[in-house]
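Worksheet: the structure to be examined is printed underneath.
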Amino acid sequence: MIFETQVTNIGPEAEMFRQEKMLIFFGNEAPETLADYCYNIQLTPSTDEITTGMDFLFDNQAYKITAVGDVVKKNLDDLGHITLRFDGSETAELPGTLYVEDKELPVITVGTKIMIK
């Protein structure tokens, strides 16, 4: 396990990106302009590089990581900020986005554990 945290709050507009197969996470200190659109997580640094082939988990529901943007680890470690796309892309188009396999998005509630292994 190289990263583990949990959801502490869900912004009132966070679900609106589901149609685009996208979720946005941010530490509890999310800027006001973004807070409504994010799932807030406890800020916890990762312990190693995040690479393709690893699993991104919501509780026990796993998604294979298919591409990693250049600043994903830095943003996650410094801000708890990450954009997750569920489209199976094998090339990271955006530097702060983590891409996972294309399958049904998870149900997320306050207390949902988020892990990378």
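FYI, it's all coordinate maths here, none of it is from the lab. Bear in mind the structure is a predicted one, so any value in this text is a computation, not a measurement. Heads up, the Cβs are rebuilt from the backbone with ideal geometry, glycines too, and the neighbour counts pull from every protein chain shown.
Brief remarks follow.
- Here region 1-101 is assigned +1 on the Cβ of each Lys and Arg and -1 on the Cβ of each Asp and Glu. Its dipole about the Cα centre then comes out at about 100 debye.
- Taking label positions 7 Å along the Cα-Cβ direction at both VAL71 and MET22, the computed distance is 1.5 nm, reported to one decimal.
- Applied to region 106-111, the Karplus parametrisation 6.51 cos²θ - 1.76 cosθ + 1.60 on θ = phi - 60° returns per-residue 3J(HN,Hα) values of x, 7, 10, 10, 4, x Hz, with x for Gly and Pro.
- Shape category assigned to region 3-116 from the gyration tensor of Cα positions, a/c cut at 1.5: rounded
- Among LEU98, THR51, PHE17 the positive-end extreme of the charge dipole of the chain (Cβ point charges): THR51
- Most simply put, the chain has about 80% antiparallel DSSP beta bridges, counting only bridges with both residues inside it.
- Stretching the chain fully between ASN60 and GLN6 yields a gain of 18.2 nm (0.36 nm per residue, less the alpha carbon separation).
- From helices alone, the chain scores -2500 deg cm²/dmol at 222 nm; the rule is -39500 (n - 2.57) for each run of n ≥ 4 DSSP H residues, then divide by the residue total.
- Debye-formula intensities of region 74-117, expressed as log10 I(q)/I(0) at q = 0.26, 0.34 Å⁻¹, are -1.15, -1.20 (one equal scatterer per alpha-carbon, no solvent).
- Full-stretch length increase - THR109, THR91 - with 0.36 nm per residue and alpha-carbon distance subtracted: 3.5 nm
- Karplus 3J(HN,Hα) series, Hz, for region 27-39 with 6.51 cos²θ - 1.76 cosθ + 1.60 (x for Gly, Pro): x, 4, 9, 4, x, 3, 5, 10, 3, 5, 9, 10, 9
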